[in-house]
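Encoded as C-alpha cells, the structure appears first; notes follow it.
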Amino acid sequence: MPVLRTENLRLGYDAIPVVSDLSVEIPSGRITVIVGANACGKSTLLRGLARLLGPQSGAVYLDDADIARLSGSTLATKLGMLPQQPVAPDGITVSDLVGRGRHPHQRWFRQWSAEDEYVVTAALEATGISDLADRSLDQLSGGQRQRVWIALALAQDAETMLLDEPTTFLDLAHQLEILDLVHDLNRDRGKTVVLVLHDLNLAARYADHLIALKAGKIVAQGNPTEVVTAAMVQAVFGLASHVIPDPLTGTPLVLPRPRRPRRSEGSAVPTDRT
C-alpha cells in the first residue's frame, strides 16, 4: 500500500501560516480521522495532502515521491479527494457524475471501456445507489448525494481517499450511514481513508488512527483509546469533560461537564429578589 506522509509541511493562505512544520505519516489501509477546534487547520492539512494547496515549505510524499512532481493524472489515480462542498453541473445524472471518476484513467487513445463500465457499476453497487443511477443529482436528499460523491471517489479507483467533513449538514442517522459506508469500504476493499470530522465521539468510534490538531500542530495522535482523554479534550477544544468507554462499542465517549448543575424535576424555580 502507498505511504502518504509529510515532512516539515507548512501551509497557509496569503503568507499567513495555518499548518506549521508538520510531519506525519498516514497509516496505510486504515481509517485516519483528523479532529480539532474550528480553524485549527484540519481542512487545510487535507487540502495539502491532496495537492489542492501548495506548501509554503516542506513537502507531501506518496511512496517517497514528492506529489508536487507527479502529473495530475498520475496523482488522481492514487489520491481521491472529496471536498466539503463539492459542486456538480446542473441536471447531471448520478451515473454521469460517478463516471467522471474514470477520467484520470482515460487517454486520447483509450476512451470509455468495458472496464470503466464495470468499475462505475461496482461503485454504484458498493454505495447502495444503483437504483438512483438515472436520477438527477438535484433530486436527491443530502445523504443520497453524499453517497454519490463517495461513489465518484470510489470509481476513481485511488488507493487513498481523502474526505473533508463528509457528514456535514446530515442528521445523525445519515451521518452514521455515511460513516458505516466508509468503514465498509476500508474493511472490504483495503482503502486508506483520511477523514476530517467535527464530532469527536464519532471520530473515536470509527477511527483506527486519530490525529488531534491545535493551531496547525499535532497535539496527539494514535489509537483513539490512547488519544481521547479528558486532558486532550481540554488542551485541544478548551472543554472540561469526562471520558468513559462507550457502552456499545468500547471506544472513548466524551461527556462535556455542564457549566452549572441541572435542577432536578420539581425543584423550585428561583425568583428575582432585586
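Can you give the Rg to Rh ratio of region 116-274, both from alpha-carbon atoms, with Rh computed by the Kirkwood formula? Mind dumping the intermediate values first?
Details: Rg = 20.3 Å, Rh = 18.3 Å.
Across region 116-274, the Cα-based Rg/Rh ratio is 1.11.
Net charge of the neighbourhood of Leu45, taken over other residues with C-beta under 15 Å away and scored Lys/Arg +1, Asp/Glu -1, is +2. Cα centroid separation, region 216-266 to region 1-52: 24 Å.
If you average 1/r across every pair of different Cα atoms in region 49-189 and take the reciprocal, what Kirkwood value do you get, in Å? Walk me through the numbers before you get to the answer.
Values: mean 1/r = 0.0627 Å⁻¹.
With all distinct Cα pairs of region 49-189 included, I get 15.9 Å.
Once both labels are positioned 7 Å from their Cα atoms along Cα-to-Cβ, the gap between Arg30 and Asp208 label points is 0.7 nm.
Neighbouring Cβ atoms within 10 Å as the yardstick, rank Arg102, Arg259 fewest first.
Values: Arg102 20, Arg259 6.
Fewest-to-most Cβ neighbours within 10 Å comes out as Arg259, Arg102.
Taking the Kirkwood radius as Rh and the Cα radius of gyration as Rg, the chain has a ratio of Rg/Rh equal to 1.04.
Once the chain from Asp64 to Ala37 is taken as fully extended at 0.36 nm per residue, the excess over their C-alpha distance is 6.6 nm.
The overall shape of region 4-132 is prolate: from the C-alpha gyration tensor, with semi-axes ordered a ≥ b ≥ c, the ratio a/c is 1.5 or greater and a/b exceeds b/c. Take every pair of alpha-carbon atoms less than 8 Å apart whose residues are at least six positions apart; their mean separation over the length of region 1-122 yields a relative contact order of 23 percent.
For a straight C-alpha distance cut-off of 24 angstrom, the lysines reachable from Lys214 (same-chain residues fewer than eight places away being disregarded) are Lys42.
Per the helix-only calculation at 222 nm, which mean residue ellipticity applies to the chain, given -39500 (n - 2.57) for every DSSP H run of n ≥ 4 and division by its residues, nearest 500 deg cm²/dmol? List each step's numbers first, then the result.
Values: 9 runs with 83 residues, N = 274.
Here the helix-only value at 222 nm equals -8500 deg cm²/dmol.
Residue-wise HN-Hα couplings along region 186-198, as the Karplus relation 6.51 cos²θ - 1.76 cosθ + 1.60 with θ = phi - 60° gives them from phi, are 5, 6, 7, 10, x, 5, 7, 10, 10, 10, 9, 10, 8 Hz; Gly and Pro carry x. Gain on full extension, evaluated as 0.36 nm per residue between Ala114 and Glu226 minus their Cα-Cα distance, stands at 35.7 nm.
Among 16-23, 142-149, 191-198, sorting by the average number of other beta carbon atoms lying within 10 angstrom of each residue, highest first, gives 191-198, 142-149, 16-23. Taken along the Cα-to-beta-carbon direction at a fixed 7 Å, the label points for Ala173 and Arg260 span 3.6 nm. Sort region 1-79 into rounded, prolate or oblate with this rule: let a ≥ b ≥ c be the square roots of the eigenvalues of the Cα gyration tensor; rounded if a/c is under 1.5, and if a/c is not under 1.5, prolate when a/b is larger than b/c, oblate otherwise. Taking the square roots of the gyration eigenvalues as a ≥ b ≥ c, region 1-79 is oblate. Computed from label points 7 Å out along Cα-Cβ, the spacing between Ile92 and Thr121 is 2.3 nm.
Residues whose amide H falls under 5 Å from that of Leu53, counting only those 5 or more places apart or on a different chain, are Gly48, with hydrogens built in the peptide plane. For Asp246, the residues whose modelled amide H falls within less than 5 Å of its own, excluding neighbours fewer than 5 places apart on the same chain, are Thr251, Leu253.
Considering only Cα atoms, the convex hull volume of region 49-101 works out to 99 Å³ per residue.
Values quoted throughout were computed directly from the atomic coordinates according to the rules given, and no laboratory measurement underlies them. Given the structure is predicted, the values throughout are model-derived calculations rather than measurements. A quick note on method: Cβ atoms are made from the backbone with ideal geometry, for glycine too, and the neighbour counts reach across all protein chains shown.
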